[in-house]
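Below is one structure, written out as structure tokens; comments come after it.
The values are calculated or read from the model by the stated rules, or taken from the named source; none is laboratory data. Remember, it's a predicted structure, so these values are computed and weren't measured experimentally. Neighbour counts run over all protein chains shown; Cβ positions are idealised from the backbone, glycine included.
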Amino acid sequence: MRLLKSPGLWKALGVAGFLGVAATGAVVVRAERRRRSYTPDEIRSRLHERLGEELDETSAGGRG
């Protein structure tokens, strides 16, 4: 029980939590920046490619 009352433990846990939140935020910002680097035309063409691949896989699998 003495361990739970240790101020050093709570300080370390607080710092670790803060660093975890900061690291997560950095990853999210990085992914968002990468996502926004595409032009609308690039996004549209990529979506069309993915749709074409899905349609090919669906028709290749066949029903029946």
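Here are the numbers:
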| quantity | calculated |
| --- | --- |
| Which listed residue, of GLY52, GLY61, GLY20, is of a type outside the set (Lys, Arg) and exposed (fewer than 10 other Cβ atoms within 10 Å of the Cβ) | GLY61 |
| Criterion: in a helix (DSSP H, G or I) and at pLDDT below 85 - qualifying residue of ARG35, ARG50, ARG46 | ARG35 |
